[in-house]
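Asks: Let me give you the structure first, and then I'll get to my questions.
Nothing in this text is a laboratory measurement; each read-out follows from the coordinates by a stated rule. Note that the structure is predicted; figures quoted are calculated from it, not measured. Cβ: placed from backbone, ideal geometry, glycine included. Neighbour counts: every protein chain shown.
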Amino acid sequence: MSAVISTPVETSSLRHDWSRAEVEALFELPFTELVFRAAGVHRAYFDPTEVQVSTLLSVKTGGCPEDCGYCPQSSHHPDSVAATKLMDIDAVVEKAKQAKAAGASRFCMGAAWRSPKPRDMPKVAEMIREVKALGLETCATLGMLSEEQAKELKNAGLDYYNHNLDTDPEYYDQIIHTRTVQDRFDTLEHVRDAGLKTCCGGIVGMGETRRQRAGLLVTLANLPAHPDSVPINRLVAVKGTPLANAPALDPFEFVRTIAVARILMPKSMVRLSAGRETMSDELQALCFTAGANSIFHGEKLLTTGNPDTEYDRALFQRLGLRPMSVQETHLNDLPGLTIVGNDGGCGSSGGCGCSGGQTATLTIVNAPAEGGCGGGGGCGCSSGAPAGGVTLADAMAQRQPEDGCGCGCSGC
Ligand code: SF4
């Protein structure tokens, strides 16, 4: 059975009213104190031994009309990567199958567009439908979306939409000139209104100050809803881009950024994204300790390198971490519930990280406040009559025998 953390932990309520001064004060804490606090928040909402694994595929690379200062796909920069056409659906599905076999629970499709053109939407929608049919969570990052486009993607089965703020709104015009921060907020609103989950974060190490790193995180935390996933990228300084010579960020400052993101957005997946290839094992371990609980894996992150899948697997083993399954990710979507542990029940070991025991064990580590869910469904609280929401008992009762143990692996 996976370790269930039972030590007293510091909890953190979901807030959307953080001030920049408060967040700067968190950044100023002694390093060990900040990491300790972030680790406490992490344990209150997640099993800290689990890491959600996503794979990102560039389905249309290069030739982008935007001028993001860090990006080698921008046609504004010399030496930008060659433009390709939108990939064929079959090729994308094949990559998604490979990602699933390698342990990914979410498959993200990225296209270097300002926004999708009407002629591209049917093909993108079909890609999403086919990837979803594999049992993967789907995510896309396609640039700005209109209200209608967001709904179309949702109807195709898209789970998440990635649209980063990139940096502090105060620093934004130093990095991007072809679209505004307000454009970004508008797309995020369309994504939320369509019922899609948001993946939204930024990049650090672009020459911004600590105050501006705090500004990025406070802006993310004060959105109407915390992003479900918060990718924190460390700049990959690519030759030919305006940020090619940006000074490297102190690794401890990167860990501080992860820790503050965890404290501000306790229920979000905080993801190590671009820049992981150049992080030492020890730095990644510190990030996991400070509350990072998601990674991209696979060879490439759009156009920059990423640690090899086997290397990641070995690192997880050395650190005693395991990939979070799709099933757990979904159950954790239930309001107020965070569920850890999926020790077997299938009687076989199918690569999901469980030990193939005889009984399924699900442990709630973060029950909703008394009466908050209205569910009274086995979570240990004393709330009253069931409401429209799904209780854990309901969720388990609805599972069919062919669903196996619910660990999300394909070996049951
Ligand atoms: S980050 Fe995205 S929008 Fe910006 S230039 Fe690169 S591909 Fe285009």
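Asks: Principal axis extents for segment 213-294, Cα atoms only, whole Å, descending order, please.
Replies: Here the Cα extents, ordered largest to smallest, are 37, 28, 17 Å.
Asks: Sort largest first and round to whole Å: the equivalent ellipsoid semi-axes of segment 105-244, each the square root of five times a Cα gyration tensor eigenvalue.
Replies: 27, 16, 14
Asks: Alpha carbons only, please: Rg and Dmax for segment 257-296, in angstrom.
Replies: Considering segment 257-296 through its Cα atoms, Rg and Dmax are 9.6, 27 Å.
Asks: Report, as a whole number in µm² per second, the diffusion coefficient that Stokes-Einstein gives for segment 20-324 at 25 °C and 0.890 mPa s using the Kirkwood radius over alpha carbon pairs.
Replies: The diffusion coefficient I find is 127 µm²/s.
Asks: For the residues Ser268, Ser13, Ser115, Ser294, what sequence is obtained by ranking on other C-beta atoms within 10 Å, fewest first?
Replies: Ser13, Ser115, Ser294, Ser268
Asks: Per-residue counts of other Cβ atoms within 10 Å, averaged by peptide: what ranking do you get for 204-212, 85-93, 73-81, highest first?
Replies: Output ranking for 204-212, 85-93, 73-81: 204-212, 73-81, 85-93.
Asks: List Thr309, Thr178 from most exposed to least, where exposure is judged by having the fewest other Cβ atoms within 10 Å.
Replies: The most exposed by this proxy come first: Thr178, Thr309.
Asks: Here is a further query. Provide Leu14, Leu286 in ascending order of the number of other Cβ atoms located within 10 Å of each residue's Cβ, fewest first.
Replies: Fewest-to-most Cβ neighbours within 10 Å comes out as Leu14, Leu286.
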